[in-house]
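**Q** What follows is a structure written as structure tokens; I'll ask about it next.
Every read-out reported here was derived from the displayed coordinates using simple, explicitly stated rules and does not represent laboratory data. This is a predicted model, so every value here is computed, not measured. Neighbour counts run over all protein chains shown; Cβ positions are idealised from the backbone, glycine included.
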Amino acid sequence: MPNNPYTPGQVPRILAGRTEEMRRIDDLLGRVAAFGEMGGPLLVFHAPRGVGKTSLLRASQRRAEAAGFVTSWTACSRDRPVLPEIVHSVGRALEQADAVPSGPAGNRWRGQLERVTLEVGLPGAKVQAEIGRSEPVTPPPAAVGLLQSLLHDSATVVRKRGGAGLMILLDELHTASSSDLSVLLNTLQNLDGDREETPIATVAAGLPVTPEALTRAATFGERSSFIALDVLSDVDAASALTDPAAAEGVEWTPAALSAVVAEAHGYPYLLQLLGSTTWDSARPASGTKLGMPAVRKGLPAARDQLSAMHRARWGAAGRIEREFLRAMAFCGDGNVTRADIAAGMGRESRAISMPRERLIAKGVIEPVGHGLVRFTLPGFGAFVRGLDDA
Ligand SMILES: Nc1ncnc2c1ncn2[C@@H]1O[C@H](COP(=O)(O)OP(=O)(O)O)[C@@H](O)[C@H]1O
Ligand SMILES: [Mg+2]
């Protein structure tokens, strides 16, 4: 019996769609590989949770490695200062790729790594940078200088040893502090000034607040390339279901396929979840098909999982945020105007900025232009309305 090939919550076996996004990453890597120079500004993918940022980054990492890059992966988090993590991760990547020179040169490099870690992790530097948070800050030049030479030296070493260059991947970049972002952006900006010198590519992902966070951290933050990642088209959604099954010799009936595609609304996490529950309820043998009965049988498990996610998001919302969510849910499931939400809350439009910003930062709602917002997780509006009935 073939194993369940679906991966709710994990990197997918096969990345569906995303050809345009991959092309952008390939362009960046291609320039580094061909010319041995910096590929371009920081490339940033932003989207709510579950749309496939981490999956895209992981797939591009595999591609880069196959093309001869040494890759460093950092999952940023609010719990730890981000810059020392990046430095560590670059160090580990080079050690693992056997790119660190042996003898005194290697020891010098390791010494440099330690000095940078200390400098970029300095609490003093941080406090200074956090003053006047709404203004772009001038980062401590020592930290920028050290990080810059570390990245330059690391990328150059990779290249000297026959590799294509260094790829830095930064996931959850929105969690980095303003001061860490400021050091990072200033470092990349300086490297870009001497672009021929440093064979490096930097790709990041984060929630929809990421562009704003970067622009706030440095005046030139907006020079990064921002790409909003959307849900999958119906065609790509269908292949997210059929391709992993086909690899196990299993097909989908057209009816079952369209039912799941319609239910998932292009949301990759839901496609994996529904694919998985359908598979588990059918336990298909190779050469058989997944049909409507299996979809129906799998639905309750998928709905349970989804409502657990709804509950978690609700649980993490504060009092005013809940008021906001309730008002929004009763405006309908599509795009909702700020004025309608304010009216529902019985407040002035200006007075709802705080909960709105916080919910966007948490990835529960997302702006869709012209002051409109929508829920990022399908079914969330219905869930909130259901709470009110109770
Ligand atoms: N392009 C894709 N094709 C197939 N599955 C995907 C794709 N992108 C994401 N997924 C699936 O969706 C879920 C969420 O993906 P993830 O990359 O963790 O999203 P994010 O990082 O944006 O929160 C995972 O279960 C993953 O397997
Ligand atoms: Mg992610």
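**Q** Using a 7 Å offset from the Cα along the Cα-to-Cβ direction at both R322 and R283, what is the distance between the two label points in nm, to one decimal?
**A** 4.2
**Q** 5 Å is the cut-off here: which amide hydrogens, built 1.01 Å from N in the peptide plane, fall below it relative to A204, excluding neighbours closer than 5 in sequence?
**A** The answer is L43, V44, F45, L170.
**Q** Excluding R350 itself, calculate the net charge of residues whose Cβ lies under 13 Å from the Cβ of R350, where each Lys or Arg counts +1 and each Asp or Glu counts -1.
**A** Details: positive: R338, R347, R356; negative: E348, E357.
Neighbour charge sum, excluding R350 itself: +1.
**Q** State the three equivalent ellipsoid semi-axes of the stretch 30-86, derived from the C-alpha gyration tensor as the square roots of 5 times its eigenvalues, in descending order and whole Å. Walk me through the numbers on the way to the answer.
**A** Details: eigenvalues 103, 48, 28 Å².
Calculated on Cα positions only, the semi-axes equal 23, 16, 12 Å.
**Q** Let me ask something additional. Rank these for me by crowding, H152, H88, H370, going from fewest to most other beta carbons within 10 Å. All intermediate terms of the calculation are to be shown ahead of the outcome.
**A** Working: H152 20, H88 15, H370 8.
With the fewest neighbours first, H152, H88, H370 line up as H370, H88, H152.
**Q** Just to be sure I understand the model, the point goes 7 Å from the Cα along the line to the Cβ. What's the resulting N3 to S102 distance in nm?
**A** Placing both labels 7 Å beyond Cα along the Cβ direction yields 3.7 nm.
**Q** Here is a follow-up. Using +1 on the beta carbon of Lys and Arg, -1 on that of Asp and Glu, and nothing else charged, what's the dipole of the stretch 19-228 about the Cα centre, debye to 20?
**A** With Lys and Arg at +1 and Asp and Glu at -1, about 320 debye.
**Q** Moving to a separate point now. Identify which of P208, P268, P140 has the largest mean-square fluctuation in a Gaussian network model of the chain, with springs joining Cα atoms closer than 10 Å.
**A** Comparing P208, P268, P140 in a Gaussian network model of the chain, the most mobile one is P140.
**Q** On to the next question. Once Lys and Arg get +1 and Asp and Glu get -1 on their Cβ, which of G249, A205, A143 lies farthest toward the positive end of the dipole of the chain?
**A** G249
**Q** Give me a comma-separated list of calculated 3J(HN,Hα) values for the stretch 311-317, in order, Karplus coefficients 6.51, -1.76, 1.60 applied at θ = phi - 60°, integers in Hz, x for any Gly or Pro.
**A** Here the 3J(HN,Hα) series is 4, 4, 5, 4, x, 8, 8 Hz.
**Q** I would also like to ask the following. Quick one: net charge of V364's neighbours, Cβ under 12 Å, K/R +1, D/E -1? Write down the numbers at each step before the final one.
**A** Working: positive: R49, R313, R322, R356, R358, K362, R374; negative: E321, E357, E366.
Once positives and negatives cancel, what remains is +4.
**Q** Could you please state, rounded to a whole Å, how far the C-alpha centre of the stretch 318-365 is from the C-alpha centre of the stretch 193-255?
**A** Using only Cα atoms, the two centres lie 27 Å from each other.
**Q** Within the set of other residues whose C-beta is less than 10 Å from the C-beta of L271, count the net charge using Lys and Arg as +1 and Asp and Glu as -1.
**A** -2
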